[in-house]
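Bear in mind that the values in this text are calculations on the coordinates, not laboratory data. Since the model is a prediction, treat every value here as computed from it, not as a measurement. Cβ placement follows ideal geometry from the backbone for every residue including glycine, while neighbour counts extend to all protein chains displayed.
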Amino acid sequence: MLQRFYRTAFIIVLLILITGPVYFPSFVVYLLSYGLIMAIAALALNLLLGYTGLMSFGHGMFIGAGAYTVALMMKYTGVQSFELLIPLSIVVSAMLAALAGLFCTRQIDIYFSMITLAFGELLFALCSKFYSATGGTDGIRVKIPTLFGYSFPGGGEYYYFILVVFVVCALAIWVICHSPFGKAIQAVRDNEVRVGYLGLVVMKYRLIAFVISGAFTGIAGVLMVSLTGHAVPESFQVFTSITIVFMVLLGGHTIFLGPAVGAIVFVFLQAWLKPLFFWQFFLGGAIILLVMFLPGGVLGGVQLWAAKALQRLRS
Amino acid sequence: MGGQSPAAAPILNTAGVFKHFGEVHAVDGVDLHISPGEVLSIVGPNGAGKTTLLKLLSGGHDLDRGQVFFLGEDISRVSLVQRVNRGIVYSFQIPALFENLTAMEAVGLVLLARKKKTVVFFPVMEKFTEIRQEAQEILEMFNVPGNFPANLLPHGQRKLLDAAMAFAYQPKLLLLDEPTSGVSTAEKAKVMDTIMPNIEESNTTTVIVEHDMEIVLRYSRRVIVMDQGKIFAQGIPHEVMEDPKVREVLLGIPASAKS
């Protein structure tokens, strides 16, 4: 029964996502696009946070890596197709993750988080100071890349591309989380000492998880810069990173799709509150309330509510 | 089984192994000789150095001095992970489990680790039917239900799951650290009666650290008594237990007092 409720809810949400552009105003479609892009990053981060037990405060650097791969390639080489830019940014973010990971996956807990944060800030500084190449804090203007020669006219069509990439990424991350490797990183999260006694090198699993997580976040960076049309050094920065962390916690890090729900809820909450004077105050307040009353995140709350409602129906 | 002559080529032996923690001489010059296929018990009072010795064998602790040989090869500086890969596997006194994984997933993961298939991203674990079957068999042998996460299992089953995870690796040398600790007296025999037939059937060389004399007398052919980091006595269990000095060390009954 509960399974059927989840399946129905899932299908309804998917139908809304598919048919959305037909009846939603364009700014809602824009927000949905934004939310789905961040959802990829949040699912990728949760591979580390929820499944491996590592809190990264530096995932903004992969958004930045993806964004600047697109921007610099467009500016200097004229490459402007998704079919080249996406694989390229996957490689760039994976390499960046491998490099940063060599330093930070040796550490655990807060030290891991601090080193990831430091890497993000380092890239931010690099990007904003190299004015000649990166345009400094002005950033680089970007247009939506083409897809096999097809150029996207605007919001609706690009939205569908984002939706497809999101579904593919979510499926891929889901499979990884449930694969032998996925079980191994959950074992690392639960008891890293015992993992050593299974003859497995803990650091290797942390590093691989970090690289996978970074690569998927890089894809989000490509889509993001194409949506906003502007690569800015701030995307490397801690504010971006913390936003992704918050989306994960908001949606619920113990449920696979929680982070994706968190990302979309966050984007709409932010857009809704932004016209208010001092909107960060209200966002902060909303966050505190959510954490207090829904410790399992939005999706955790839905789960709890559905279970209770079902019980009431039965009695 | 047990009573091989010490001259037989050992599966593992140590020469003057030392481990000090500051002032505490946890293991203070131990020479061990473990024959293939035997079940050896190590007993001793709290703080005798039993667990430390086991961890020196498994690679969980680095030793200060001395040498450990496995199948004739010096493994004193070989890492924990490498020793596991060579077949020395340790089971924890306080169960060290993956709390959110089911028993099935945990044992499955051990099997995958043994087969070097843990860096595999596709397909999902459920599709590995051979692994599932083998894990299912092992869980049945150890009487642990497969579909609950470890944190929902009662203590006795947590102990059994810990042992099953070590056993699933098909170790050449299995190190069981107090398999019945924290288990009620009534259940101790049940736990041992579940674990031991599997060890005997597979003819796995096993070292059991134990507190409970009854268990030592019942389940092992050779016993080593440790006290203050040193080997105090060794031999056939019921003979060793007759020794009044051993009784003094183990039970705190002065040798002079006649019972």
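With neighbour counts taken as other beta-carbon atoms within 10 Å, the residues B:Leu153, A:Leu269 rank, fewest first, as A:Leu269, B:Leu153.
With a Förster radius of 51 Å applied to the beta-carbon distance between B:Asn198 and A:Met114, the computed FRET efficiency rounds to 0.65. What the pair-distance distribution of the stretch A:202-315 shows, using all Cα-Cα distances binned every 10 Å from zero, is 12, 33, 33, 16, 5, 1 percent. Per residue of B:110-120, other chain Cβ atoms within 10 Å of the residue Cβ number 5 on average.
Counting other C-beta atoms within 10 Å, and keeping those with at most 12, which DSSP coil trypsin sites (Lys or Arg not before Pro) do you find in the stretch B:109-209? Sparse-neighbourhood loop trypsin sites (Lys or Arg not before Pro): B:Lys116. Among A:Phe62, A:Phe246, sorting on how many other beta-carbon atoms sit within 10 Å of each Cβ, with the fewest leading, yields A:Phe246, A:Phe62.
Annotation: average projected area of the protein assembly as shown is 33.5 square nanometres, based on the convex hull of Cα atoms across all directions. Within straight-line reach of B:Lys230, meaning a Cα separation under 14 Å, sit the following aspartates and glutamates at least 8 residues removed in sequence or on another chain: B:Asp28, B:Asp31.
When the alpha-carbon atoms of the stretch B:169-259 are used, the pair Rg, Dmax equals 14.4, 47 angstrom.
For chain B, a Gaussian network of Cα nodes joined below 10 Å ranks B:Ala163, B:Ala48, B:Ala186 by mean-square fluctuation, and the top entry is B:Ala186. I need the Kirkwood Rh of the stretch A:50-203: take the reciprocal of the average 1/r across all distinct C-alpha pairs and report it in angstrom. Evaluated over the stretch A:50-203, this radius sits at 17.9 Å.
Computed over neighbours whose Cβ is under 15 Å from that of A:Gly135, the net charge equals +1, Lys and Arg +1, Asp and Glu -1. Diffusion coefficient (Stokes-Einstein, Kirkwood radius over C-alpha pairs, 4 °C, 1.567 mPa s) for the stretch A:229-284: 106 µm²/s, rounded to a whole number. Considering all alpha-carbon pairs of the stretch B:12-251, what whole percent are spaced by more than 27 angstrom? Here the long-distance tail beyond 27 Å is 35 percent of all Cα pairs in the stretch B:12-251.
Among A:His178, B:His238, sorting on how many other beta-carbon atoms sit within 10 Å of each Cβ, with the fewest leading, yields B:His238, A:His178. The alpha carbons of the stretch A:1-104 give a radius of gyration and a Dmax of 17.7, 56 Å, in that order.
Approximating the spin labels as points 7 Å out from Cα along Cα→Cβ, the A:Tyr6-to-A:Asp138 distance works out to 5.2 nm. Taking each of A:Lys183/B:Lys159; A:Lys183/B:Lys172; B:Lys55/B:Lys190; A:Lys183/B:Lys19; B:Lys55/B:Lys117 in turn, the alpha-carbon distance tops 28 angstrom for A:Lys183/B:Lys19. Shown here: the stretch A:192-268, whose C-alpha atoms stretch 49, 25, 19 Å along the first, second and third principal axes, sorted largest to smallest.
Eigen-decomposition of the gyration tensor built on the alpha-carbon atoms of the stretch A:23-314 gives equivalent ellipsoid semi-axes of 29, 25, 19 angstrom, largest listed first. Working from label points 7 Å from Cα in the Cα-to-Cβ sense, the B:Val119 to A:Val13 distance is 3.4 nm.
Among the chymotrypsin sites (Phe, Trp or Tyr not before Pro) within the stretch A:125-160, those in coil by DSSP and having at most 13 neighbouring Cβ atoms inside 10 Å are A:Phe130, A:Phe148. Cross-link reach is defined here as a Cα-Cα straight distance under 21 Å, omitting same-chain residues fewer than 8 places apart; for A:Lys75 the lysines meeting it are A:Lys129, A:Lys143. Over chain A, Cα pairs under 8 Å with separation of 6+ residues give a relative contact order of 33 percent. Separation of the stretch B:90-157 from the stretch A:137-166 is 45 Å, based on Cα centroids.
This model, with +1 at the C-beta of Lys and Arg and -1 at the C-beta of Asp and Glu, gives the protein assembly as shown a dipole about its Cα centre of some 1300 debye. For the stretch A:53-134, the list of trypsin sites (Lys or Arg not before Pro) that fall in a loop by DSSP and count at most 15 other C-beta atoms within 10 angstrom reads A:Arg106.
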